[in-house]
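To start, the structure under review is shown below, and the notes come after it.
The values are calculated or read from the model by the stated rules, or taken from the named source; none is laboratory data. Since we're looking at a predicted model, the values are computed, not measured. Here the Cβ positions follow ideal geometry from the backbone for every residue, glycine too, while neighbour counts run over all protein chains shown.
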Amino acid sequence: MKYFLGIDGGGTKTKFLITDDSGTIISESIQPTSHYLQAGFDGVTKVLNDGIDDCLSQANLNRNQISYCFAACAGYGDIIDDDPKIEQSAKNALQSIPFTIGNDNENALAGSLGGKPGINIIAGTGSIGMGINEHNESYRSGGWHHAFLGDEGSAYWIASNMLRLYTRQSDHRDKKTMLYSYLNEIMNWTNDSDMLRDCVVAMNYDRTQIAALAKHAYILAQKNDPAILSVYDQAAKELSDIIKAIYHTLHMEYAKVSYSGGVFSSGSYILEPLRKHLEDINIDLVEPVLPPDKGSVLLAMKYGNIEITDKLISKLKTA
């Protein structure tokens, strides 16, 4: 029996899975973010090492018994000069385990479409899209740093726009909606400037902490707040632009498009406007076959020369 390790390193958390070659999950672990711009290179090694050790301990295995690993690391491939340092950080943790490292859009794509051609859009802490066509040509779009107003349509972007609307409603540039009173109450802001105290000073406008505030946007959407509904519509438009860039660059005539990331837990508030903004291209918007962590296992098996069959996909899906 062979064992495979999948690592899904995102902007908020890093998930680890060990499976056997039939797709049975042996162990799993969740650790903090392994994005090197947040954790640092030594932090990447620590997070990966902690997660690997935890999984191996649960499974009563050692590194020499793992046939292959695919390690998805958010930020990998963004700044080419940093890639060798990320690779070394991963190697320091993986040690004797053979591995391939990639961006977290690669495992998201593999998982969401079961290893088949198409497009995946990630909208989690950040946002990025990747596609593969029938000729095995790939292209990615989006994923530019949030400091440059990138990561459009992500949880960070949604939360930032919610806070921007709060400031506009506060000083009467926009008409006040439920958004204004809700945030004052839920955040315990007695003065409007308390928003600056909490989000800019206390949180230091940290990407992960700001992104976590997107849960309040979802609550406000459920309450039909018009300002927030417009944010979701614009988020969907931004995500559709990423998808269309991939679709046209890869000269696709048809594509299955799937999705991953916490923003999509908002359900119809993001999916319905996304469908609307994609009406001018020939796609089917489909639910993901597998989540990104299982996509990492799928890629570990692929690179480890295991045939990817429908039976294997089905096993991973129900595991």
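Examine the range 286-296 for a residue that is more than 25 Å from Thr318 (Cα to Cα) and either among the acidic types (Asp, Glu) or surrounded by fewer than 24 Cβ atoms within 10 Å (Cβ to Cβ) (or both), and state whether such a residue exists. No, that holds for no residue.
Set side by side, the residues Leu56, Leu5 differ, and just one is crowded, with 17+ Cβ neighbours inside 10 Å, within 20 Å of Lys302 (Cα to Cα) and at pLDDT 95 or above, which is Leu5. Applying a threshold of 9 Å to beta carbon distances and a minimum spacing of six or more residues, or different chains, the list of pairs starting in the range 294-318 at a residue that is over 18 Å from Gln65 (Cα atoms) and ending at one that is buried (at least 24 other Cβ atoms within 10 Å of the Cβ) and of a type in the set (Lys, Arg) reads Leu316/Lys294; Lys317/Lys294. Whether any residue in the range 280-287 is over 20 Å from the mean Cα position of the chain (by Cα) and in a helix (DSSP H, G or I) is what I want to check. No, there is no match, as no residue in the range 280-287 is over 20 Å from the mean Cα position of the chain (by Cα) and in a helix (DSSP H, G or I). Here Asp198 passes the criteria (1) within 30 Å of Ile79 (Cα to Cα); (2) without any contact (Cβ under 8 Å) to a residue 24 or more places away in the chain; (3) out of contact with any helix residue (DSSP H, G or I) (no Cβ under 6 Å at 6 or more places or on another chain) except the one numbered (1).
Checking each residue in the range 224-236 for being in contact (Cβ under 8 Å) with a residue 60 or more places away in the chain and within 15 Å of Glu272 (Cα to Cα) picks out Ile228, Val231, Tyr232, Gln234, Ala235, Ala236. Can you name the residue in the range 26-46 that is in contact with a Phe, Trp or Tyr (Cβ under 9 Å, 6 or more places away or on another chain) and assigned to a strand (DSSP E or B) and, of all such residues, is surrounded by the fewest Cβ atoms within 10 Å (Cβ to Cβ)? Filtering the range 26-46 for residues that are in contact with a Phe, Trp or Tyr (Cβ under 9 Å, 6 or more places away or on another chain) and assigned to a strand (DSSP E or B), the one surrounded by the fewest Cβ atoms within 10 Å (Cβ to Cβ) comes out as Ile30. Could you tell me whether any residue of the range 214-226 is among the charged types (D, E, K, R) and more than 17 Å from the chain's Cα centre (by Cα)? Looking through the range 214-226, at least one residue is among the charged types (D, E, K, R) and more than 17 Å from the chain's Cα centre (by Cα).
On the stretch given as the range 244-274, residues that are over 17 Å from Asp233 (Cβ atoms) and under 14 Å from the mean Cα position of the chain (by Cα) total 5. Return yes when Ser265 is touching a residue at least 40 places away in the same chain (Cβ under 8 Å), within 22 Å of Thr14 (Cβ to Cβ) and exposed (fewer than 15 other Cβ atoms within 10 Å of the Cβ) and no when it is not. Yes; evaluated as a whole, the condition is true for this residue. Just so you know, in the range 8-25 the residues that are over 25 Å from Asp82 (Cβ atoms) and surrounded by 19 or more Cβ atoms within 10 Å (Cβ to Cβ) include one that is modelled with the lowest pLDDT, and it is Gly23.
Residues in the range 194-206: is at least one over 20 Å from the mean Cα position of the chain (by Cα), among the β-branched types (Val, Ile, Thr), at negative phi and in the same structural domain as Glu152 (by TED's automatic domain parsing)? Yes, the range 194-206 contains a residue that is over 20 Å from the mean Cα position of the chain (by Cα), among the β-branched types (Val, Ile, Thr), at negative phi and in the same structural domain as Glu152 (by TED's automatic domain parsing). The residue that is modelled with the lowest pLDDT, among those in the range 129-151 that are surrounded by 23 or more Cβ atoms within 10 Å (Cβ to Cβ) and closer than 13 Å to Glu238 by Cα, is Gly143.
Here the helices (runs of 4 or more DSSP H) wholly within the range 157-274 that include at least 1 residues being at pLDDT below 95 and out of contact with any strand residue (DSSP E or B) (no Cβ under 6 Å at 6 or more places or on another chain) are 207-212. The residues of the range 278-319 that are of a type in the set (Asp, Glu), more than 24 Å from Tyr247 (Cβ to Cβ) and at pLDDT 95 or above amount to a single one, Asp293. Tell me, which residue of the range 72-128 that is within 17 Å of Gly11 (Cβ to Cβ), of a type in the set (Asp, Glu) and touching a Gly at 6+ places or on another chain (Cβ under 7 Å) is modelled with the highest pLDDT? Checked the range 72-128; the qualifying residue modelled with the highest pLDDT is Asp104. Filtered by the rule that a residue be within 23 Å of the chain's Cα centre (by Cα) and of a type in the set (Gly, Ala, Ser), the range 34-82 gives Ser34, Ala39, Gly40, Gly43, Gly51, Ala71, Ala72, Ala74, Gly75, Gly77.
None of Ile101, Ile128, Ile86 is in contact (Cβ under 8 Å) with a residue 60 or more places away in the chain and either among the small types (Gly, Ala, Ser) or outside any loop (DSSP other than H, G, I, E, B) (or both) except Ile128.
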